[in-house]
Amino acid sequence: MIPPLPDHALHELGRTEGGADTLRLLVRDQDTRRLLLLRAVLDAAEAAPTTVCPPRLLDRLRQDWALLETAERADRAAVRTVLLHPLAGPWAQRCLRGLAGAGSRAELHADLDHLSALAAAAATRAGTAFTARLAAHGGLLSLPTLGALRTASGPVDIAFRDGDLTMRAVAGGPPLTAHAQPDGTTSSADPRWLPVSALPAVPGGVGPVPLDDVDPYRTDGDGLRRHGLSAATHIDDHERKAWAESWSGVGPLLRIGGAHRLTEAAVLLRCLVPLGPPPGSGPVGEGAAHCSGTRREAFGAVLSSRPATPAYFVSTLVHELQHTKLAALGSLAPLHHEDATPRHFAPWRSDSRPFDGLLQGAYSHLALADYWQRFALAARRVTHRDLAWAEHARCREQVGAVLPVLAGSAALTREGRLLVNEMITLYHRLDDCPPPTGHLARAQAYVATTRVIWQQRNGSRTQ
């Protein structure tokens with residue numbers, strides 16, 4: 001999409017860093033891909049047989065696209081906020097799969113209905129007056145980045161003028177009015193309206209970070225559970241306050257991790273999707289179970305249960321934004337030509353990992369080792385310092401266990417080789433401030449134990 005990354009950018013990224021200019025190259029490429037993907041949905045609908053996309057549905061898609069174009073002429077940045085919202089990516093991918101024949105026609109038509117919601121949200125943000133008839137599904141009419149109306153499934157008439165959104169279900173019931181604020185948030189006295197919450201901007205960021213618990217495409221099927229994640233959840237006022245309280249300590253702790261940690265959060269993080277606590281976990285508190293993840297098709301989104309403390313909130317961001325960086329880099333410059341066979345030992349997983357998963361995990365754990373070391377060196381309280389050294393030692397030993405496999409691969413591309421070499425440099429640089437002996441011994445024993453368990457489960461079929 002854009003010229004190859006210069007070597008200095010690859011060196012930065014290999015150290016799990018990346019200045020603002022380097023990260024914006026990744027963002028620019030991902031944004032271009034997103035806009036092409038959205039256009040591909042309309043093109044695929046145009047090319048689909050009428051049995052898949054009937055003329056009535058195609059006409060509505062064209063009207064939606066025309067509203068997007070009108071809104072973009074009024075305020076391009078506002079429209080891009082909606083179209084580049086991370087959760088529009090999974091939606092577009094679902095539409096393309098459906099238009100290619102995957103899934104049921106009913107599911108496809110429900111997915112295509114969502115373009116009307118995207119267009120309405122974009123026009124609202126751009127201040128463009130409009131009237132439209134949208135469709136609610138699953139008891140919600142979602143307007144991406146703005147909020148959702150709780151209503152019976154079926155058609156809903158919606159109008160926007162002079163800052164006010166008015167919605168009324170065709171089946172009957174009182175209308176609802178929500179006011180669009182200048183900062184992109186919405187408010188309504190009607191409890192049927194569920195606004196998208198927003199956390200304050202990361203220092204240096206361009207705006208508030210949405211805490212999106214209403215978008216229908218924030219998860220897809222049961223894929224989260226297969227990766228050890230809980231389902232997405234709706235949060236109440238008490239939970240919002242708890243998220244905000246943890247978030248309030250994120251900025252200062254990101255600074256402890258280095259200027260690059262603030263930069264990557266400011267440039268890359270576009271929304272948080274709240275997940276429920278991991279199945280079987282106890283109440284949220286110090287040391288409570290936690291789960292988080294990213295989705296390649298949802299660039300800029302971090303899915304996470306609520307971290308127990310601001311320090312763990314930061315470590316979640318550090319961990320997940322490395323996946324965001326590396327996935328974006330891999331789209332721009334392939335890093336290896338290994339196949340997808342799960343054969344490798346990874347101390348952070350009980351199953352075997354493909355080479356790409358091994359690289360992703362080592363990269364994110366290396367960043368965590370760096371973050372926790374900096375945290376330990378800056379901590380004033382002994383308990384905080386001990387926790388940080390323990391986390392650092394574990395992550396460092398985990399990375400050390402797999403770096404020889406990465407470095408020894410003959411399938412690394414030139415860019416991949418540069419990246420892995422810089423990872424090795426950072427790994428050895430961590431030795432300048434080693435953890436206390438006890439933490440190191442426990443981390444080494446932990447990794448050795450996980451290797452034995454993995455070998456017992458997988459035998460000689462993997463390596």
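The values are calculated or read from the model by the stated rules, or taken from the named source; none is laboratory data. Since this is a predicted model, take the numbers as computed values, not measurements. Cβ atoms come from the backbone with ideal geometry, glycine included; neighbour counts cover every protein chain shown. Areas reflect the complete protein model, heavy atoms only, side chains present, ligands, DNA and RNA absent. Shrake-Rupley method; radii C 1.70, N 1.55, O 1.52, S 1.80 Å.
Where helices (runs of 4 or more DSSP H) fall wholly inside the range 341-432, the ranges with 1 or more residues that are basic (Lys, Arg) and within 24 Å of Ser331 (Cβ to Cβ) are 414-429. Scanning the range 316-332 for residues that are open to solvent by 10 Å² or more (accessible area, probe 1.4 Å) and over 14 Å from the mean Cα position of the chain (by Cα) yields Gly330, Ser331, Leu332.
The rows are residues; the columns are (1) of a type in the set (D, E, K, R); (2) surrounded by 18 or more Cβ atoms within 10 Å (Cβ to Cβ); (3) modelled with pLDDT of 95 or more.
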site: Leu58; (1), (2), (3): no, no, yes
site: Glu72; (1), (2), (3): yes, yes, yes
site: Ser116; (1), (2), (3): no, yes, yes
site: Ala126; (1), (2), (3): no, yes, yes
site: Ala129; (1), (2), (3): no, no, yes
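Select, from Leu412, Leu426, Leu418, the only residue that is touching a residue at least 60 places away in the same chain (Cβ under 8 Å) and crowded, with 21+ Cβ neighbours inside 10 Å.
Values: Leu426 fails: crowded, with 21+ Cβ neighbours inside 10 Å; Leu418 fails: crowded, with 21+ Cβ neighbours inside 10 Å.
After ruling out the rest, the residue left standing is Leu412.
Quick check: anything in the range 153-173 more than 26 Å from Thr70 (Cβ to Cβ), more than 19 Å from the chain's Cα centre (by Cα) and of a type in the set (Ser, Thr, Tyr)? Within the range 153-173 (the criterion being more than 26 Å from Thr70 (Cβ to Cβ), more than 19 Å from the chain's Cα centre (by Cα) and of a type in the set (Ser, Thr, Tyr)), the answer is yes, since at least one residue qualifies. On the stretch given as the range 377-405, residues that are under 26 Å from the mean Cα position of the chain (by Cα) and either open to solvent by 70 Å² or more (accessible area, probe 1.4 Å) or among the basic types (Lys, Arg) (or both) total 2.
Counting only residues that are assigned to a helix (DSSP H, G or I) and in contact (Cβ under 8 Å) with a residue 24 or more places away in the chain, how many does the range 64-97 have?
23
One line per residue, one yes/no per condition, for (1) within 25 Å of Thr166 (Cβ to Cβ); (2) modelled with pLDDT of 95 or more; (3) open to solvent by 10 Å² or more (accessible area, probe 1.4 Å); (4) among the small types (Gly, Ala, Ser):
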residue: Pro55; (1), (2), (3), (4): no, yes, yes, no
residue: Leu67; (1), (2), (3), (4): yes, yes, yes, no
residue: Ala88; (1), (2), (3), (4): yes, yes, no, yes
residue: Leu108; (1), (2), (3), (4): no, yes, no, no
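Considering only residues that are assigned to a strand (DSSP E or B), closer than 20 Å to His109 by Cβ and open to solvent by 10 Å² or more (accessible area, probe 1.4 Å), which ones fall in the range 143-190? Within the range 143-190, Gly154, Pro155, Asp157, Ala169 meet the criteria.
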